[in-house]
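> One structure follows; several queries about it will come next.
Derivation of every value follows stated rules applied to the coordinates shown; laboratory data play no part. Fair warning: this is a prediction, and the values are worked out from it, not measured in the lab. Note: ideal-geometry Cβ built from the backbone for every residue, glycine included; neighbour counts use all protein chains shown.
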Amino acid sequence: MSRSSAPIGVFDSGLGGLSVLRALRARMPDESFVYLGDSVFCPYGDKDDATIDERVHLLVADLFERDCKAAVIACNTACAVAIGSLRKRHAAPIIGLEPAVKPAARRSKSRKVAVLATPRTARGETLHQLIETHGAGVTVESIAAPGLVDLIESGSVDGREIRSLLSTLLEGPLARGCDVVVLGCTHYPFLAGAIAEIVGPSVAIVSSGNAVAIQTERVLRREGLRATSSSAGDCRYLTSGE
Ligand code: DGL
């Protein structure tokens with residue numbers, strides 16, 4: 001089997017990376033994928049860096065043992081902690097993601113942006129660097145959202161509890177005039193409907209899925225790894241949990 005027909009591994013702490021997988025499959029329907037969620041250790045966002053690093057390395061190594069030609073780390077938290085060390089360890093292409101601060105800052109008319117993220121991403125150096133690099137003249141508020149990922153993992157994306165949590169988190173930034181909300185965690189696109197209802201039509205919601213899909217395709221082409229078959233690719237779903 002040629003390398004280009006091998007699958008692309010997609011990794012997240014749990015279900016969140018499925019929002020990225022959706023964008024990847026829409027852009028590259030001819031590619032095959034292996035999705036791996038670390039449901040046993042989810043959520044990562046409130047764990048310490050050593051624990052996250054160990055889990056990410058273990059599970060991404062598992063994807064490469066399953067013959068993946070590349071890996072997409074579809075988790076902002078995992079990327080903030082481990083993307084550099086993963087790239088040092090594996091020769092195959094590893095595509096990461098980060099909160100979409102740059103497009104959000106460009107898009108904001110009020111020059112006020114809110115980034116909704118896990119506690120680890122919200123307090124991390126990656127986000128601070130992004131804000132410093134792309135947020136000139138824009139006030140970027142990072143909002144740590146403990147508890148959201150657990151609710152999504154339990155299957156709740158639209159219930160009363162999640163709406164009340166979102167309203168509380170977004171109340172301050174909205175009152176301060178923020179007109180773009182960045183979904184800084186790959187789980188959050190599943191809340192896009194509930195968030196849109198809370199923030200109203202004048203506030204834009206941006207996520208990273210499409211940008212990651214474009215970047216993944218670009219990297220695969222550059223490395224000569226893009227699938228050549230015109231038939232539809234398949235997708236396997238794996239979890240460290242049940
Ligand atoms: N979906 C992940 C992210 O983008 C991780 C969420 C978590 O496990 O806390 O950060």
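> Grab the other residues whose beta carbon is less than 13 angstrom from that of ASP67, score K and R as +1, D and E as -1, and report the net. Present the calculation step by step, with values, prior to reporting the outcome.
On the way: positive: ARG3, ARG66, LYS69, ARG236; negative: ASP62, GLU65.
Summing Lys and Arg as +1 and Asp and Glu as -1 gives +2.
> Follow-up question, since we're still on this one. Fewest first, what order do CYS185, CYS235 take by the number of other Cβ atoms within 10 Å?
Lowest count first: CYS235, CYS185.
> Same structure again: Rg and Dmax of the chain, Cα atoms, in Å?
17.6, 57
> Could you order peptides 87-93, 140-146 by the average number of other Cβ atoms within 10 Å of their residues, highest first?
Packing proxy ranking, top to bottom: 140-146, 87-93.
> Express in % the proportion of alpha carbon pairs of the stretch 122-242 at distances exceeding 24 Å. Don't skip to the answer; put the middle values down first.
On the way: 3142 of 7260 pairs.
Percentage above 24 Å: 43.
> Sum up the charges of everything whose Cβ sits under 13 Å from the Cβ of GLU125, counting Lys and Arg as +1 and Asp and Glu as -1, but leave GLU125 out.
With Lys, Arg at +1 and Asp, Glu at -1, the neighbours total -1.
> Fewest to most neighbouring Cβ within 10 Å: what's the order for TYR188, TYR237?
TYR237, TYR188
> With a sphere of radius 14 Å drawn around the Cβ of GLY84, what net charge do the other residues whose Cβ falls strictly inside it have (Lys, Arg +1; Asp, Glu -1)?
-1
> Okay, moving on. By how many degrees, between 0 and 90 and to the nearest 10, does the Cα long axis of helix 160-175 differ from the longest principal axis of the chain?
That works out to roughly 60 degrees.
> Given the C-alpha atoms of the stretch 73-177, compute the convex hull and give its volume per residue in Å³.
Convex hull volume per residue, Cα atoms: 119 Å³.
> Could you list the square roots of 5 times each eigenvalue of the Cα gyration tensor of the stretch 25-103, that is, the equivalent ellipsoid semi-axes, sorted largest first and rounded to whole Å?
Working: eigenvalues 80, 53, 34 Å².
Value: 20, 16, 13 Å, ordered largest first.
> Using Cα pairs under 8 angstrom and six or more residues apart, how large is the relative contact order of the stretch 9-157, in percent?
Relative contact order comes out at 23 percent.
> Let me ask another. I'd like to compare 15-21, 49-55: which one has the highest average count of other Cβ atoms within 10 Å, and what's the full order after that?
Order by mean packing, descending: 15-21, 49-55.
> Here's another thing I want to ask about it. Starting with the highest mean, order 206-217, 107-118, 165-176 by the number of other Cβ atoms within 10 Å, averaged over the residues of each peptide.
Ranked by mean Cβ neighbours within 10 Å, highest first: 107-118, 206-217, 165-176.
> Relative to the compact globular guide of 2.2 N^0.38 Å, what is the alpha carbon radius of gyration of the stretch 50-89, as a ratio?
1.06
> Please work out, to two decimal places, the log10 of the ratio I(q)/I(0) at q = 0.18, 0.30 Å⁻¹ from a Debye calculation in which every Cα of the stretch 96-151 carries one identical scatterer.
The computed values of log10 I(q)/I(0) come out as -0.57, -1.24.
> Suppose only helical runs count, i.e. DSSP H with n ≥ 4. What mean residue ellipticity at 222 nm does that imply for the chain under -39500 (n - 2.57) per run, divided by all residues and rounded to the nearest 500 deg cm²/dmol? Walk me through the intermediate numbers first.
Working: 10 runs with 107 residues, N = 242.
Helices in the chain give a 222 nm mean residue ellipticity of -13500 deg cm²/dmol.
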